[in-house]
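One structure is given below, encoded as structure tokens.
The values are calculated or read from the model by the stated rules, or taken from the named source; none is laboratory data. In this text, all values refer to a predicted model and were calculated from it rather than measured experimentally. All Cβ positions, glycine included, derive from the backbone under ideal geometry; neighbour counts span all protein chains shown.
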Amino acid sequence: MIIRIDDKECTCEKGEYLLQIAKRNGIFIPSLCYHEGLGALGACRVCIVEVVYDGKSQVVASCIYPVEREIEVFTASEKIKEQRGVVLALLARLAPNAKTIQQMANFMGVKLTRLSDREGGDTCILCGRCTTACELIGSGAIAKVNRGTTKAIDTPYSAPSSECIGCTSCAVVCPTDSITREKTATTVTIWGKTFELMPCSACGKPYITQEAFDFLHARHEDMNVPVCEECAKKAVARQLKEANKHMSTGRYDR
């Protein structure tokens with residue numbers, strides 16, 4: 001199937017999300033809540049675009065819009081610029097201290113006049129990236145709490161959670177750096193709880209909490225010893241190099 005995005009022909013599969021098609025074809029659509037590892041959340045609405053089909057126009061969130069037919073897409077029409085500016089202004093009121101919002105507004109030429117007028121405030125835009133990551137990991141330590149203007153992301157009763165394993169996935173995926181984590185050479189503190197870090201069995205560098213390792217080991221029985229990502233990559237590279245050497249010398253056992 002072929003669609004047109006900003007007058008560029010793009011090939012795609014039926015049902016593929018519009019934002020993914022644009023990214024694959026080098027077309028920029030701003031987004032905050034979208035993360036490749038988490039899938040589409042459709043929470044921030046920054047990725048809105050204008051879709052035209054059969055002479056009719058509609059504004060959609062590109063991260064959750066599956067392409068079902070040939071369409072024409074405009075990522076920065078006047079309508080989209082205006083509505084995206086409103087979205088950013090609302091996000092700025094929700095999270096007045098979020099530098100990411102200000103930077104995105106500056107990049108797109110949107111003036112957030114109310115941002116500096118509000119005192120206090122937060123950096124969380126309630127996009128749901130962190131809670132989704134926590135659910136996917138499986139610990140379920142954090143969730144959206146309260147309602148209305150007091151809605152927030154927190155642990156139960158705002159106390160250190162017994163379910164938290166200190167993996168820091170929530171902080172890693174946060175688009176506004178709202179979730180703080182403090183690291184030392186041997187510890188990490190997050191959500192009011194401090195964890196000791198286990199050393200990598202290969203290089204000795206502390207990198208994972210005992211709780212996170214035990215949790216992952218329970219789900220993946222072949223994970224017998226802690227190995228950091230860098231050493232794991234090196235091990236794979238060595239295995240590939242050895243396999244390639246065997247193949248080139250005709251000594252590769254199938």
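Before moving on, here are some points about what is shown:
- Here L197 meets each of (1) without any contact (Cβ under 8 Å) to a residue 60 or more places away in the chain; (2) in a loop (DSSP other than H, G, I, E, B); (3) crowded, with 19+ Cβ neighbours inside 10 Å with one exception, condition (2).
- The combined condition, being at positive phi, in a loop (DSSP other than H, G, I, E, B), at pLDDT 95 or above and not acidic (D, E), is not fulfilled by G42.
- When segment 202-254 is filtered for residues that are modelled with pLDDT of 75 or more, part of a loop (DSSP other than H, G, I, E, B) and out of contact with any strand residue (DSSP E or B) (no Cβ under 7 Å at 6 or more places or on another chain), the ones remaining, listed by number, are A202, C203, G204, H220, E221, D222, M223, N224, V225, V227.
- Cβ-Cβ under 6 Å pairs, at least 6 apart or on other chains, segment 140-151 side touching a residue at least 24 places away in the same chain (Cβ under 8 Å), far side in a helix (DSSP H, G or I): A141/C134; I142/T131; I142/C134
- Per the conditions (1) farther than 30 Å from A235 by Cβ; (2) within 24 Å of the chain's Cα centre (by Cα); (3) not small (G, A, S), the sole criterion not satisfied by C164 is (1).
- In segment 115-132, residue modelled with the lowest pLDDT [restricted to those that are buried (at least 18 other Cβ atoms within 10 Å of the Cβ) and touching a Pro at 6+ places or on another chain (Cβ under 8 Å)]: L115
- Taken together, the residues in segment 153-172 that are surrounded by fewer than 18 Cβ atoms within 10 Å (Cβ to Cβ) and either under 21 Å from T187 (Cβ atoms) or in contact with a helix residue (DSSP H, G or I) (Cβ under 9 Å, 6 or more places away or on another chain) (or both) amount to 6.
- Residue list for segment 50-68, restricted to those being touching a residue at least 40 places away in the same chain (Cβ under 8 Å), among the β-branched types (V, I, T) and in a strand (DSSP E or B): V60
- When each of I142, I101 is tested for being surrounded by 18 or more Cβ atoms within 10 Å (Cβ to Cβ), assigned by TED's automatic domain parsing to the domain that holds C44 and at pLDDT 90 or above, the lone residue that passes is I101.
- Pairing residues of segment 221-245 that are assigned by TED's automatic domain parsing to the domain that holds T209 and over 11 Å from C203 (Cβ atoms) with residues that are among the aliphatic types (A, V, I, L, M) and part of a helix (DSSP H, G or I), at Cβ distances under 7 Å and at least 6 apart in sequence or on separate chains, gives M223/L216.
- Test: residue in segment 72-91 that is in contact (Cβ under 8 Å) with a residue 60 or more places away in the chain and of a type in the set (D, E): yes
- Any hit, segment 66-81, residues being of a type in the set (A, V, I, L, M), within 26 Å of F213 (Cα to Cα) and surrounded by 15 or more Cβ atoms within 10 Å (Cβ to Cβ): no
- Of the listed requirements (1) surrounded by fewer than 18 Cβ atoms within 10 Å (Cβ to Cβ); (2) under 24 Å from A89 (Cβ atoms); (3) among the aliphatic types (A, V, I, L, M), I2 misses just one: (2).
- There is no residue in segment 72-85 that is in contact with a helix residue (DSSP H, G or I) (Cβ under 6 Å, 6 or more places away or on another chain), closer than 16 Å to F28 by Cα and charged (D, E, K, R).
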